[in-house]
Amino acid sequence: MAYVDIVTILAVLQFIVFAMKVAGARGRYGIKAPATTGNEIFERYFRVQQNTMELLLCLLPGLYLFSRYLNPMWAALLGVVYLAGREIYAASYVKNPAKRSVGFALSMLPVLFLLIGGFVGAVRQASGF
Amino acid sequence: MAYVDIVTILAVLQFIVFAMKVAGARGRYGIKAPATTGNEIFERYFRVQQNTMELLLCLLPGLYLFSRYLNPMWAALLGVVYLAGREIYAASYVKNPAKRSVGFALSMLPVLFLLIGGFVGAVRQASGF
Amino acid sequence: MAYVDIVTILAVLQFIVFAMKVAGARGRYGIKAPATTGNEIFERYFRVQQNTMELLLCLLPGLYLFSRYLNPMWAALLGVVYLAGREIYAASYVKNPAKRSVGFALSMLPVLFLLIGGFVGAVRQASGF
C-alpha cells in the first residue's frame, strides 16, 4: 500500500503546484481576488487547477479502492500515468486550450480504470465470490 | 464495507457523468474553454457539477467514518438516498434553478446524517465509552 | 485515530458552514443561481468557500496518511491549527481580500506538514526502513 500512498501524496502536491501557478498568474496579469476572470491566460491557469481538483477528487477513492480490492502495484502505476497525463494537460492547456484533449485523456482514463476496477472488486466481494 | 465502497464509486461516477454533461453543453452552446459563463443553460450544467463536487467531498469521508464507527449498511443506504437526491437536483436545476431545493435537501441531509453519525461514533470512541 | 477522525469531520462541517454563508449571501446581495458574480461581497464569500474546498481536498489525505505513518495525535493537532487558520482566513477575506495571507498561511502550512510527513512515512515504509 505504501506505493499507492506515495502516489496519492504526489497527486495532491501536483495540485498544490497548479494552485501556486494560479497565485503567480494573479500577480502577473493583475487579477485581484476575488475576481477569477479578466485575462485569458490567467483563466487558463485557473481552469487547469479547477479541472485538476475535479479529477483529483475522483482519483483518490479510485486509488484507494482499486488498491484494496485488486492490486496496489497496478493502482500505483495507473496513478503515475495520471500524474504524467496531468502535466501534459496543464502544459498544453496553458499554451492552447483547444489542444488539451491528449493530456486530458491520459489523466482521465487511469481514473476510470481505477474506479471501474475498484467497483468490480467491491461487487465481487459483496456478492461473495 | 463492500456496499459502502460500491456506493462511494457510484457517487464518483455520477459526478463524472455530470462533468461529461458540462463538456457536452460546452459544444452545444458554443462556450469555448477557459470560459465558464456566457450562456444561462451552460451555466446551469456547470453549477450542477460544481455543487456536486462540493457535496461529494463531504459525502466520501461521511460514508467512510459512519460506516467504520456506526453501521456500514446504514451508511450505504444513506448513500443511495444521496445518489437519488443528486439526480433530482441535477434534473430540476437544469430546468429551473429556482426549483432546485428538494433535490438539494435530499442529497444534503444524508451527507449531514453521515457526518454527524460519524462524529458521534468517533467522539464515543475517543472518550472510551 | 479517533481524534483525527473528529478533526476530519469538523473540517468538513466548517466547509459546509462556509457554503451556507454563500447561500445566505446569495439572498442578501440578490445573486440568483447559476450566477456566481455580480457583487463584490458575494464573490468574497464564494471564493472563501471555493478556496476552502481546494484545501480540504488536500487536508483529508494528509490527515489520514500522517496519522497512519507517523502520529495520530500530531495529525489531529495540525488539523486544529488548520481549523483556526481557516476561520481567520474566512473572516479576513470577507473584510478585505488583500489581508487574507495570514489566515491562508496558517491553514496551508499544516496541510503541507501533514502531506510531507505522510510522504516521508510512506517512503520510509516502501524502502523497508
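Considering only residues in the range C:85-103 that are of a type outside the set (V, I, T) and in contact (Cβ under 8 Å) with a residue 24 or more places away in the chain, the one that is farthest from C:F46 (Cα to Cα) turns out to be C:G85.
Scanning the range C:118-129 for residues that are open to solvent by less than 10 Å² (accessible area, probe 1.4 Å) and either charged (D, E, K, R) or under 19 Å from C:Y3 (Cβ atoms) (or both) yields C:G118, C:G121. Can you spot a residue in the range A:120-129 that is assigned to a loop (DSSP other than H, G, I, E, B), more than 20 Å from the chain's Cα centre (by Cα) and touching a residue at least 12 places away in the same chain (Cβ under 8 Å)? No, there is no match, as no residue in the range A:120-129 is assigned to a loop (DSSP other than H, G, I, E, B), more than 20 Å from the chain's Cα centre (by Cα) and touching a residue at least 12 places away in the same chain (Cβ under 8 Å).
Here B:V81 does not fit the description of being aliphatic (A, V, I, L, M) and touching a residue at least 40 places away in the same chain (Cβ under 8 Å).
The values are calculated or read from the model by the stated rules, or taken from the named source; none is laboratory data. Computed from a predicted model, the values in this text were never measured in an experiment. In this analysis, Cβ positions are derived from the backbone assuming ideal geometry, glycine residues included, and neighbour counts consider all displayed protein chains. The accessibility values were calculated without ligands, DNA or RNA, using every heavy atom of the protein model including side chains. Shrake-Rupley method; radii C 1.70, N 1.55, O 1.52, S 1.80 Å.
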